[in-house]
Each structure stands twice: as C-alpha cells, then as structure tokens.
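So the structure is just underneath, and the comments pick up after that.
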Amino acid sequence: MSRFATGRTRVKICGLTRAEDVDAAVAAGADALGFVLWPGSQRAIDVERLAQLAARVPAFVTRVGLFVDQSPEVIHRCEAHLDLVQYHGDETPALCALGQRPWIKALRMREGLDLQAAASAYEAARGLLLDAYKPGVPGGTGDTFDWSRIPATLAKPVILAGGLTATNVGEAIRAVRPYAVDVSGGVERSRGIKDPARIRAFIDHVFLAQQP
C-alpha cells in the first residue's frame with residue numbers, strides 16, 4: 001500500500017483547548033481535530049472539557065483523542081466523545097486493540113526504528129503517525145526529523161507530524177506525499193492557544209502544495 005492512499009493530503013489540527021480554536025480549525029477546513037487527554041501535556045484537557053469541545057464539531061470532521069500509556073478505563077471514559085484514538089506512547093498492539101474506537105499509532109522516529117516492522121506489528125491501526133524523537137518527550141517537541149527515512153511504501157497510511165508550519169508543510173508534502181499532516185505548535189500563538197491566521201495559512205499551504 002502506498003503511504004499516500006488518495007489524491008489529497010488531509011489535515012489534523014492537534015492540541016485544541018478552546019471553543020474558538022475548534023471553530024477556527026473547522027472554518028479553515030481541517031479534516032480532523034486533536035484533543036490531548038494525557039495530563040502530562042501543557043495542552044491537556046479533561047473529559048468534561050473534551051465533551052464540551054467535541055460537541056461543537058460538525059459532521060464529517062474527525063474528533064481524535066491523544067493518550068500516552070494510559071489505562072483502558074481512562075480511554076473508555078473519553079471514547080464517547082471521540083471518533084478515533086491516537087496512541088502516542090509505548091502501547092503494545094494488544095493494548096491498542098482494547099479500545100472501542102478505531103485507532104492510529106504514533107511512532108517517534110528514533111534511530112534504528114524499522115517502520116516496515118512497526119506497520120506489520122500494528123496491523124490493526126488505521127494509520128501511523130510519525131513524529132520527531134526526543135528522549136523523555138512523547139510528542140509536541142516542535143522538531144522535524146529526516147523525512148527521507150520514510151519508505152516509499154508502507155502497509156499503513158502515513159500521518160506526518162513533527163515541527164510542521166505553514167513555511168515547511170509544502171516541502172514536507174512534496175517530499176513525503178503523506179496521507180495526512182498533523183500540526184499543533186506550528187499554528188499557536190502560545191502553548192495551547194491557537195492562532196486562526198496561522199491555522200488558515202497552514203491549511204492553505206497544504207492545498208497549494210497539491211496543485212498541479
């Protein structure tokens with residue numbers, strides 16, 4: 001399977017914490033919205049806040065919950081407000097399969113990571129989210145990684161993350177041709193506070209990169 005399963009790169013805006021940022025991402029054309037449910041993040045929200053924000057999301061925009069090595073019980077409490085679960089820690093394939101929603105697996109691009117083997121191990125995942133590796137930090141580093149490390153074909157669609165901004169997302173799409181791109185810090189004015197203009201610029205550059 002090609003890592004670019006269709007002719008359009010999707011966009012996920014992650015780390016949303018405010019109603020106005022949810023509205024701005026939807027208005028700009030985001031395909032998916034990410035909510036961090038891991039309390040170790042400065043962008044974290046609780047299940048009550050998740051319920052409020054998820055209720056604002058219209059049909060055909062995917063609500064994604066991000067978890068890092070959390071218990072199935074915690075995840076189950078959130079799943080009623082989610083369409084997709086993102087496992088962003090060291091979860092095993094067996095643990096990922098315990099959820100009630102479809103899921104994707106985030107992989108940090110540490111040295112020696114075999115993406116083909118990972119795609120085989122996480123065969124039930126709907127996609128693999130590839131993020132920069134920084135020791136002790138599960139994600140949201142704001143760093144890019146060497147995109148040439150991504151094989152031209154994988155058994156799963158690739159969701160590219162890690163240090164993306166309106167400035168470099170076009171180059172990333174042309175280099176990797178991912179199924180989707182994921183951005184958080186690259187569209188913020190401060191941690192957890194999104195900038196509507198940066199969201200629009202990011203999505204505009206995604207669309208421009210795909211023009212013939």
Check: Can you spot a residue in region 156-164 that is open to solvent by 10 Å² or more (accessible area, probe 1.4 Å), among the small types (Gly, Ala, Ser) and either on the phi < 0 side of the Ramachandran plot or touching a Cys at 6+ places or on another chain (Cβ under 7 Å) (or both)?
Finding: no
Check: Out of (1) open to solvent by 30 Å² or more (accessible area, probe 1.4 Å); (2) charged (D, E, K, R); (3) modelled with pLDDT of 95 or more, what's the single condition that is false for ARG110?
Finding: (3)
Next item on the list: Would you check if there is a residue in region 169-178 being open to solvent by 70 Å² or more (accessible area, probe 1.4 Å) and touching a residue at least 40 places away in the same chain (Cβ under 8 Å)?
Entry: yes
Margin query: Can you say whether ARG198 is open to solvent by 80 Å² or more (accessible area, probe 1.4 Å), of a type in the set (D, E, K, R) and assigned to a loop (DSSP other than H, G, I, E, B), as far as the supplied structure shows?
Written below: no
Notebook entry, point to check: Quick one: is ASP90 on the phi > 0 side of the Ramachandran plot and either loosely packed, with under 15 Cβ neighbours inside 10 Å or polar (S, T, N, Q) (or both)?
Noted result: no
Check: Quick one: which of SER184, SER148, SER190, SER120 is open to solvent by 10 Å² or more (accessible area, probe 1.4 Å), within 25 Å of HIS76 (Cα to Cα) and either of a type outside the set (A, V, I, L, M, F, W, C) or without any contact (Cβ under 8 Å) to a residue 40 or more places away in the chain (or both)?
Finding: SER184
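The values are calculated or read from the model by the stated rules, or taken from the named source; none is laboratory data. The structure displayed is predicted, hence computed values, not measured ones. Neighbour counts run over all protein chains shown; Cβ positions are idealised from the backbone, glycine included. Calculation scope for accessible area: heavy atoms of the full protein, side chains included, ligands and nucleic acids excluded. Shrake-Rupley method; radii C 1.70, N 1.55, O 1.52, S 1.80 Å.
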